[in-house]
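Okay, structure first, notes after.
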Ligand code: GAL
């Protein structure tokens, strides 16, 4: 029991554990990762995912998508408009002039249905479903989405998203967990070392909409091909792109198209705790956001405030604004 929505709907929490001391808690509100406990190099556990102690925190308007499943369309759509099969659709504008993370009432703010909880010999899993009606937030087609979280004995957390639709629509589902490998609320992540195996990124305008270009990372603060501390180049005032995002808030091109089998898209090493996070995905893009808008006004489960850079999000997805960018491929899902 994780509390009740204002209309009385119950929100549930499911705890997945393995016998190596890893624990992941998922809540049905937004199909969110609420807590991830892993041991450090000395075996001491800490929660490395930012979040709130109770449902109340998540319900606040200033929740920055902590742990959330974002959809129908993760990231931005310019002016909230796109055209599909000759029809133009208008989505809610909730980020400057643009639509962000599915609109004002995205998948992150819905109570998902708990479908199954399984405990196998070497894994534990939970599957959730949300049915988004035709026209929900302006998107066409009724979309049935499932999110499955599986924790295995190799300390891997698998996140599997599936969706079907009754009419042509666009979809881009991602997970928005903010990580701090030293522990949530422990301070800044700028000392953590990040590697992203991408030679290009998609530059943006002042409203964080891609210009449509592909830019080489070489010689820019966006070059993470060799591991480097997140904070090493984050204050480089010569980079207009860093100024637009107030830090890192941009999409890397892992490949131009999605691939069949997930491959490594990021690796983060925390020298302090010894924790390592490896992220694999089959998606073409990786959005890296360095927690720039955290401003000390939110308090995590251990009672510490989250300030700028107090966590980072790595969001595998199609490139931002794909529906309006001919060079970016397609985000269309047909019945
Ligand atoms: C990120 C987005 C940021 C910010 C954040 C939530 O995914 O790229 O610009 O909106 O979510 O605060």
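Points worth noting:
- Here the relative contact order of the range 131-171, from alpha carbon pairs under 8 Å that lie six or more residues apart, stands at 37 percent.
- When the chain is treated as a Gaussian network with alpha carbon springs shorter than 10 Å, the biggest mean-square fluctuation among 135, 274, 219 belongs to 219.
- Listed residues 309, 30, 300, most fluctuating in the chain (Gaussian network, C-alpha, under 10 Å): 300
- Two-decimal Rg/Rh across the chain, once Rg and the Kirkwood Rh are taken from alpha-carbon atoms: 0.94
- Sequence-distant contacts, meaning Cα pairs under 8 Å at least 6 residues apart, place the relative contact order of the range 187-335 at 24 percent.
- Calculated SAXS-style log₁₀ I(q)/I(0) at q = 0.13 Å⁻¹ - the range 12-145, Debye, Cα scatterers: -0.64
- Per residue Cα convex hull volume in Å³ - calculated over the range 242-295: 98 Å³
- Percent RCO, i.e. relative contact order, over the chain, from Cα pairs under 8 Å lying at least 6 residues apart: 17 percent
- Sorted on the mean count of surrounding Cβ atoms within 10 Å across their residues, most packed first, peptides 127-134, 317-324 read 317-324, 127-134.
- Percent of beta bridges antiparallel (DSSP, the chain, rounded to nearest 5): 100 percent
- For the range 54-92 versus the range 227-271, the gap between their alpha-carbon centres in whole angstrom: 22 Å
- Taking the convex hull of the alpha carbon positions in the range 77-135 and averaging its projected area over all directions gives 6.1 nm².
- Two-site FRET efficiency, residue 240 against residue 158, from Cβ-Cβ distance with R₀ of 35 Å, rounded to 0.05: 0.40
- Take the Cα of residue 305, step 7 Å toward its Cβ, do the same at residue 20, and the gap between the two points is 3.7 nm.
Every read-out reported here was derived from the displayed coordinates using simple, explicitly stated rules and does not represent laboratory data. This is a predicted model, so every value here is computed, not measured. For neighbour counting, all protein chains shown are included, and Cβ atoms are generated from backbone atoms with ideal geometry for every residue, glycine included.
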